[in-house]
1. Name the most mobile residue of VAL177, VAL89, VAL218, meaning the one with the largest mean-square fluctuation, in a Gaussian network model of the chain with Cα contacts below 10 Å.
2. Work out, step by step, the length gained on full extension between ILE66 and ILE127: first 0.36 nm times the residue separation, then minus their alpha carbon distance; give nm to one decimal.
3. Got a sec? How would VAL265, VAL104 order by Cβ neighbour count within 10 Å, fewest to most?
4. Using the membrane-span-like helix rule (whole DSSP H runs, Cα extent along the own axis of at least 20 Å, mean Kyte-Doolittle hydropathy at least 1.6), which helices of the chain qualify?
5. Could you work out the relative contact order of the stretch 96-298? I mean the mean sequence separation of Cα pairs under 8 Å and 6+ apart, divided by the number of residues, in percent.
6. Mind checking which of PRO255, LEU206, GLY240 is farthest towards the positive end of the stretch 96-298's charge dipole, using Cβ charges of +1 (Lys, Arg) and -1 (Asp, Glu) about the Cα centre?
7. Defining a contact as two alpha carbons under 8 Å apart and six or more residues distant in sequence, what relative contact order in percent does the stretch 60-166 show?
8. From largest to smallest, what semi-axes in whole angstrom does the chain give when each is the square root of 5 times an eigenvalue of its alpha carbon gyration tensor?
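Every number in this text was worked out from the coordinates using simple rules, so none of it is lab data. Since we're looking at a predicted model, the values are computed, not measured. As a convention, Cβ positions derive from the backbone with ideal geometry for all residues, glycine included, and neighbour counts pool all protein chains shown.
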Amino acid sequence: MWRYIFRRFMQGILLVFLVAAIVFFLGRFTGNPADLMLPEDAIEADRVALIEALGLERPMHEQFAIFVRNALRGDLGESIRYRQSAVEVFFSRLPNTLMLIPGVMALALIMAIPLGILSAIRRGGIIDRLSGTLAVLGIATPNFWLGILLIYLFSVQLGWLPSARMGSWQHYVLPTVTLGTFLVAGYMRLIRSSMLEVLDSEFVKLARIKGLSETVVVWKHCLRNALLPVLTLWGVFLSGLVTGAIVTETVFAWPGIGRLTYEAVIFRDYPLLQAVIIMDAVLILFINLLVDILYAYVDPRIRLTN
């Protein structure tokens with residue numbers, strides 16, 4: 001296990017380095033970053049001063065060496081808009097995004113797992129057809145459209161819930177439902193398909209022959225063996241949520257990582273955008289490693305030490 005973690009950690013360092021290199025060189029090859037940072041009414045003297053301050057007059061390889069050296073110290077540049085370290089800005093917004101995760105995961109667990117299991121057990125029944133329809137709608141519905149629809153219905157027409165920003169628990173309802181819709185739909189279909197495969201397996205038939213109750217067979221034997229695909233989807237969704245649900249956070253003016261990424265693009269805050277992309281890569285690699293480790297605990301047959 002530890003050898004596997006160490007190997008994945010070293011691979012992660014290499015991938016982060018490649019992401020940093022791509023972000024760095026693409027920013028230079030697509031144009032001078034100073035042109036993106038300066039306002040449109042800037043004079044040539046301002047441009048020259050900024051180029052010298054950023055060290056852009058140096059050869060490209062020297063600029064990258066300086067960038068890597070600063071990054072190893074945790075310095076990914078200073079945000080132009082916020083006038084502070086880009087890493088500090090990132091971590092100041094990260095908790096706001098993380099606050100959405102418990103509600104989204106609770107919504108998925110409460111709705112998706114029971115409906116997915118019932119759909120598999122009562123295949124072809126009313127519950128199966130109804131949950132299948134809801135799953136298709138949930139997967140096919142764009143987040144931005146769903147968010148706007150929820151705001152119009154519950155904020156504008158009914159006045160029950162606030163439409164934007166953070167505050168009381170009521171501010172969390174609409175963003176949580178918007179983000180959780182896709183996850184509930186995906187979980188539901190994955191659990192159903194995985195359960196159908198497990199229900200027809202030999203060890204389930206043996207458990208029933210031994211006289212185990214259907215509840216024990218379904219919840220202890222079937223569900224645990226059907227969780228691996230669900231863990232994969234959980235890892236993908238969590239990576240996307242933590243690294244920035246850009247559309248949803250923009251619709252609800254939620255001050256998280258997604259909104260920060262949008263602001264960095266709109267305000268041409270190149271150092272901040274660069275830092276956000278690199279930090280997102282680090283978080284994604286960490287979450288993927290966590291999911292791989294969880295595989296071993298869900299299914300002991302997986303040997304991560306190989």
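1. Per the Cα network of the chain with a 10 Å cutoff, VAL218 tops the list.
2. 16.0 nm
3. Numbers: VAL265 14, VAL104 24.
Starting with the residue having the fewest Cβ neighbours, the order is VAL265, VAL104.
4. 100-121, 227-242, 270-298
5. 25 percent
6. Of the options given, the answer is LEU206.
7. 8 percent
8. 44, 27, 13
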